[in-house]
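Please read the structure below before turning to the comments.
Please treat every number below as a calculation from the coordinates, not as lab data. Values in this document were obtained by computation on a predicted structure and should not be read as measured data. Glycine also receives a Cβ, built like all others from the backbone with ideal geometry; neighbour counts cover every protein chain displayed.
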Amino acid sequence: MKLVTFAYNGRTAIGTVVNDQIVDLSHLAPDMQRFIELGTAGLTAAQTAVNTATNTIPLTAIHLLAPIPTPRRNVICLGLNYSEHVKESYGARGQQVQLPETPIVFTKATTAVSGPTDPIPYDPAVTTQLDWEVELAVIMGRSGKNIPAAAAMDYVYGYMVLNDISARDLQMAGKQYFKGKSLDGACPIGPWIVTADELPNPHNLRLVCRVNGVVKQDGRTDIMIFNIPTTIAYLSLGMTLLPGDIIATGTPDGVGFARTPPEFLQPGDVLESEIEGIGLLRNRVVS
């Protein structure tokens, strides 16, 4: 099932995409967070709504918003989770390559979240080094603490495309990730949540990032250093994960700051982030 949050005729609602049509699910929950909390009962009710729907809305008539427009807490992100990205990152700084032995975790503010076609703000007074990072996002479906890796996939609700847009000058100057990762509009997600049953092997997906039609990143999720079960087990160790939590699983190589010479997003650029089996984000950089 593809679950969306959308704007139509002056209102915001949730729904599911069926053959380029939207089936409205707003009678089941007021927003996506509440719907996720319904768990399998919500999905069963959604399928009933699809089977009995008499009125649908054309996908072309609505505006897709971020599937979870305001997450209940910060987006949880993994850094340096693809070996070639580790090598390019250390190499760009002239440092010796060191593969992480445990997941490197940071977060992005909830106010960074934006939709699959929303603009990416560019303000040279804030940053001139906006960079791209296409990533597979995992959505938790239920609460869990100390989750064993063997059971971790049972807690996954679904998947989205995410771009971890990064202000590299802020990130490097601050010696930490949070500020440089949390500018408004720096976390486009979507275009929908693909539920876990529709994507049985998330570790065999192609990720591609393009700028103005030129491929910048082209990788596969099967080469993550820490896979999804390992990541969930690590994050939940002594820390409760909640339904609706978004986990960004890291980016493959090809980021802008590590190129020779470095490349960064400019006003007018069109950033496309695509993952096989999920969908495409298309965001324009706007000053």
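Checking a compactness column here: for the chain, what do you get for Rg(Cα) / (2.2 N^0.38 Å), N being the number of residues?
Values: Rg = 18.4 Å, N = 287, 2.2 N^0.38 = 18.9 Å.
Expressed relative to 2.2 N^0.38 Å, the Cα Rg reads 0.97.
Past the 30 Å Cα-Cα mark, which pairs from LYS145/LYS216; LYS2/LYS108; LYS108/LYS216; LYS2/LYS145? Could you put the intermediate results ahead of the total?
Numbers: LYS145/LYS216 37 Å; LYS2/LYS108 24 Å; LYS108/LYS216 23 Å; LYS2/LYS145 27 Å.
As for pairs spanning more than 30 Å Cα to Cα, those are LYS145/LYS216.
What does the helix-only formula give at 222 nm for the chain: each DSSP H stretch with n ≥ 4 adding -39500 (n - 2.57), the total divided by the residues, and the result rounded to the nearest 500 deg cm²/dmol?
Computed ellipticity for the chain at 222 nm equals -4500 deg cm²/dmol.
Restricting to Cα atoms and excluding each atom paired with itself, what does the Kirkwood estimate give for the range 2-64 in Å?
The Cα-based Kirkwood calculation yields 11.6 Å.
Compare the peptides 99-105, 205-211 by average per-residue count of other Cβ atoms within 10 angstrom and give them in order, highest first.
In descending order of packing, they fall as 205-211, 99-105.
Where the centre of each part is set by its Cα atoms, how far does the range 98-140 sit from the range 1-58, in angstrom?
So the separation of the two Cα centres works out to 27 Å.
Check cross-link reach from LYS87 to the aspartates and glutamates: straight Cα distance under 12 Å, and skip same-chain residues fewer than eight apart.
Within the straight-line cut-off, LYS87 pairs with ASP253.
log₁₀ I(q)/I(0) of the range 221-287 at q = 0.26 Å⁻¹, via Debye over equal Cα point scatterers, no solvent, to two decimals?
-1.19
Which value results for Rg/Rh of the range 182-262 when Rg is the Cα radius of gyration and Rh the Kirkwood radius based on the inverse mean 1/r? Let's see the in-between values first.
On the way: Rg = 15.1 Å, Rh = 15.2 Å.
Answer for the range 182-262: 0.99.
Could you work out the relative contact order of the chain, using alpha carbon pairs under 8 angstrom and six or more residues apart, expressed as a whole percent? Each step should come with its number before you reach the end.
Numbers: 712 pairs, mean separation 70.6, N = 287.
It comes to 25 percent, rounded to a whole number.
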